[in-house]
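Notes to accompany the following structure.
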Amino acid sequence: MKIDLTETTSSKINQALVSARRAIGTPAIGMVLTLVIVTDEENAYDALKAAGDASREHPSRIIAVIRRASRSPRSRRDARLDAEVRVGSDAGTGETVVLRLHGELANHAQSVVLPLLLPDAPVVVWWPQDAPAEPAKDPLGALAQRRITDAYSAEQPCGELTLRARSYAPGDTDLAWTRVTPWRSMLAAALDQQHAEIVSAMVEGESENPSCELLAMWLADRLEVPVERVESDGPGLTAVRMETGKGVIVLDRPDGSMATLSMPGQPDRAVALKRRETAELLAEELRRLDPDNTYESTVRFGVEKLGAPAAPKPAAPEPAKAAEPADSADSAPAQAATKKAPAKSSAKKAASK
């Protein structure tokens, strides 16, 4: 059931929600949280579809906030609120309210959203793209216990991770981090079976993929070993290799679907490691509303501390000229900058969140 409201108010939207529930015969509210989506018209459909699919696991009131750009100075002065109320099969297992804010009202979205929040229920705010520099200080982000961003949608994903580290507040998380949960679980399980010292590691994946950077930072932070970041054609993360005192542990996923896990002394095994849809990522994040300390430690480790392959040496000088002694900085291979603590062999330090 859909109800369109033009030039409306938050009070009239609440009345429409009550009337819609009664019309379809479900007057009781059985929702567990309020999910606020801050998006634009271009991305609203995909975001609402993902949120609706995630609501089958987490029944919620979904509020989409769409700021409409004004075309003239006069229209920018005119504040107007249009809304669309969806209940029943059109809204997953909860309720959906699509808010379109015009004019000056677009700068005060929190005043419209606040009366629509479910009473005594957690609030989660999700920015599918164009997240604010400091989500916790954003007027809408300040209403939430959990704030979800996505560095993958940024123009410079690795720079976005640096920004997330500087502005981190308890409750912040990013879908780029959620994407590596199966990888972290698989690697932690592999280390539980190999009681050997980890010497170094390598993470291979697409260029400018924030999930690859986060996985590499997680390994470097938890294992305290050099981690090299290697670029590949993808899709996404393609391989992780860890050098141990007993051999090499390899988790290789060349096709984005099935991976092969190789460990010393054991036969290779095929594991499902499918790239997940946004709805699955969102549903995972809605399962926990407490601060993610592992994400905080990882994102603050810093992309700049990851290692890169050694640069090729310059060509040898011509025979006619006397060869100058090579500079020590050029002759030494590039090493990954990591913490200077000794390498850890305990698999428990690699535990996932």
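The values are calculated or read from the model by the stated rules, or taken from the named source; none is laboratory data. Just so we're clear, the structure is a prediction, and the values are computed from it rather than from any experiment. Using ideal geometry, Cβ is built from the backbone for each residue, glycine included, and neighbour counts are taken over all protein chains shown. These accessible areas exclude ligands, DNA and RNA; they are computed on the full protein's heavy atoms, side chains included. Shrake-Rupley method; radii C 1.70, N 1.55, O 1.52, S 1.80 Å.
Say whether the condition of being over 27 Å from Tyr152 (Cα atoms), assigned to a helix (DSSP H, G or I) and among the small types (Gly, Ala, Ser) is met by at least one residue in region 208-219. No; the residues of region 208-219 include none that is over 27 Å from Tyr152 (Cα atoms), assigned to a helix (DSSP H, G or I) and among the small types (Gly, Ala, Ser).
Among residues of region 51-68 being of a type outside the set (Val, Ile, Thr) and touching a strand residue (DSSP E or B) at 6+ places or on another chain (Cβ under 6 Å), the one that is surrounded by the most Cβ atoms within 10 Å (Cβ to Cβ) is Ala51. Comparison of Val85, Val97 shows that the only residue that is crowded, with 18+ Cβ neighbours inside 10 Å, under 27 Å from the mean Cα position of the chain (by Cα) and either hydrophobic (A, V, I, L, M, F, W, C) or assigned to a strand (DSSP E or B) (or both) is Val97. Of the residues contained in region 190-207, none is found to be farther than 27 Å from Ile249 by Cβ and among the charged types (D, E, K, R). Checking each residue in region 221-247 for being β-branched (Val, Ile, Thr) and over 23 Å from Lys305 (Cα atoms) picks out no residue at all. Can you tell me which residues in region 51-96 are modelled with pLDDT under 80 and out of contact with any helix residue (DSSP H, G or I) (no Cβ under 7 Å at 6 or more places or on another chain)? Hits for region 51-96 are Ala69, Arg71, Ser72, Pro73, Arg74, Gly88, Ser89, Asp90, Thr93.
The residues in region 237-277 that are buried (at least 17 other Cβ atoms within 10 Å of the Cβ), under 21 Å from the mean Cα position of the chain (by Cα) and not aliphatic (A, V, I, L, M) can be counted, and the count is 2. Restricting region 139-165 to residues that are assigned to a helix (DSSP H, G or I), open to solvent by 30 Å² or more (accessible area, probe 1.4 Å) and in contact (Cβ under 8 Å) with a residue 60 or more places away in the chain leaves a set whose member that is nearest to Cys212 (Cα to Cα) is Thr162. Here the condition is being touching a residue at least 60 places away in the same chain (Cβ under 8 Å), over 21 Å from Lys274 (Cβ atoms), buried (at least 24 other Cβ atoms within 10 Å of the Cβ) and not basic (Lys, Arg); of Leu214, Leu219, it holds for Leu219 alone. Between Ala169, Ala121, Ala136, Ala106, which is small (Gly, Ala, Ser), under 25 Å from the mean Cα position of the chain (by Cα) and outside any loop (DSSP other than H, G, I, E, B)? When all the criteria are applied, what remains is Ala136. Which of the residues that make up region 24-50 are open to solvent by less than 20 Å² (accessible area, probe 1.4 Å) and touching a helix residue (DSSP H, G or I) at 6+ places or on another chain (Cβ under 7 Å)? Leu35, Val36, Ile37, Thr39, Ala50 - these are the residues of region 24-50 that are open to solvent by less than 20 Å² (accessible area, probe 1.4 Å) and touching a helix residue (DSSP H, G or I) at 6+ places or on another chain (Cβ under 7 Å).
When Leu286, Leu306 are checked against the criterion of being surrounded by 16 or more Cβ atoms within 10 Å (Cβ to Cβ) and over 20 Å from Glu160 (Cβ atoms), a single residue qualifies: Leu286. Could you tell me how many of the residues in region 100-138 are farther than 27 Å from Lys2 by Cα and surrounded by fewer than 21 Cβ atoms within 10 Å (Cβ to Cβ)? Here the count works out to 7.
With β-branched (Val, Ile, Thr) and at pLDDT below 90 as the only criterion, which of Val299, Val303, Val250 stands out? Break it down stepwise before answering.
Details: Val299 fails: at pLDDT below 90; Val250 fails: at pLDDT below 90.
None of the other options fit; the residue is Val303.
The residue of region 166-211 that is farthest from Leu237 (Cα to Cα), among those that are crowded, with 21+ Cβ neighbours inside 10 Å and of a type in the set (Lys, Arg), is Arg184.
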